[in-house]
Amino acid sequence: MSNEQINFASLQALSVGDPVGGLGSDPGAVPGAGLGREPGVGLGREPGFVPGSGPGSGPGGEPGNDPGWDRLLAEGFAALIGRPLEEYGTDAVYAAGIGGNLMYETDFRQDLAWVRPEALSGAEPVVWDCPLFGEGDKVPAFDASRSLFEFPALSCARTALPPELAEALAAVEIGHGMVRGADLAPLLAAHAVDLADPAHAGTWTVYHAVLVSDGSLLGALKAALVTGDRPEDLIDFGTEPDEEGAEELAAVAHDGLRTHLGHFRSDGDVGMVTVTEEGLVPGVLHELGCAPVAGWEDGHGQIDIAVLRLSDRVTGRAPRRA
């Protein structure tokens, strides 16, 4: 697997931009604008729109989850991943990220919606108007402030970025040219730089695209598995789990939840298959100290979804490097 791909294997979902344009892109569009929409708007959705953002789901959501339903979700997730959630560290920060070929093919990793000030600050999500599991399904919403941006030129002598900004980025870089969105936002404002400017095309890409969640393991799994926060948010994908998956999910008491989760234990031809821990964490995130929890991919190399325990370096809780 390429170090540029966000999650494990090659799930058909979101990968770095193809320099020649990519699937469905407008040849006349600004590089990185993605799918030919207006730069910075976000793939045809209003900037504040958060699909499926039920209570407590992060930016755009509202507090007030049902503890009883959260308990049932936690039990269902435990059956799916084969381990009770309480066995994972409760003081850690978790995130669900999406990767795969489709991100590369659509140039979404360089979509200008990522570098809008409202997105980088975490005030508004970056919405990808691309249902991952079929037409009519929920579309993913990302938190740019918690995502990692790669600036390859920081390790080179030459860069198209203004020298003062390049120096400031180098000071907050956490390794391998990676900068957290939350750290990027104030620097761009302080140096009056707009990365959506065509002059800066190709200087950045999104390396780890993090879905909107509250940072808890339960929240990350909700985001990864698109369960929402209420029974009404569940989806009948029409996908049957494989034999082993059906046996494991038999422990899930709620019929709708068991049916929903079955999509993530299929043979991969229609639904998703489980990814082993060995293929879950891309090289750079592994070197930065992130650890695998669970992941899924389709059988066509288009989408991959990974839930990771983030390291302090990635969350910003670790001291800056000297």
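One table, with the values for the structure above:
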{"quantity": "Neighbourhood charge, 12 Å Cβ-Cβ cut-off, centred on D298 and excluding it, Lys, Arg +1 and Asp, Glu -1", "calculated": "-4"}
{"quantity": "Per-peptide average of other Cβ atoms within 10 Å, ordering 160-171, 137-148 highest first", "calculated": "137-148, 160-171"}
{"quantity": "Accessible surface of R258 - all protein chains present, 1.4 Å probe, nearest 10 Å²", "calculated": "80"}
{"quantity": "I174, I81, ranked by accessible area, largest first (probe 1.4 Å)", "calculated": "I81, I174"}
{"quantity": "Euclidean distance of C-alpha centroids, the stretch 197-254 and the stretch 82-159, integer Å", "calculated": "12"}
{"quantity": "Charge tally in the Cβ shell below 15 Å around E278, where Lys, Arg are +1 and Asp, Glu are -1, E278 excluded", "calculated": "-3"}
{"quantity": "Whole-number accessible area per residue in Å² for the stretch 99-176, which is evaluated in the context of all protein chains at 1.4 Å", "calculated": "37"}
{"quantity": "Probe 1.4 Å - accessible area at V93, Å² to nearest ten", "calculated": "30"}
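The values are calculated or read from the model by the stated rules, or taken from the named source; none is laboratory data. Here the structure is a predicted model, which means the values were calculated and not measured. For neighbour counting, all protein chains shown are included, and Cβ atoms are generated from backbone atoms with ideal geometry for every residue, glycine included. Heavy atoms of the whole protein, side chains included, go into the accessibility calculation; ligands, DNA and RNA do not. Shrake-Rupley method; radii C 1.70, N 1.55, O 1.52, S 1.80 Å.
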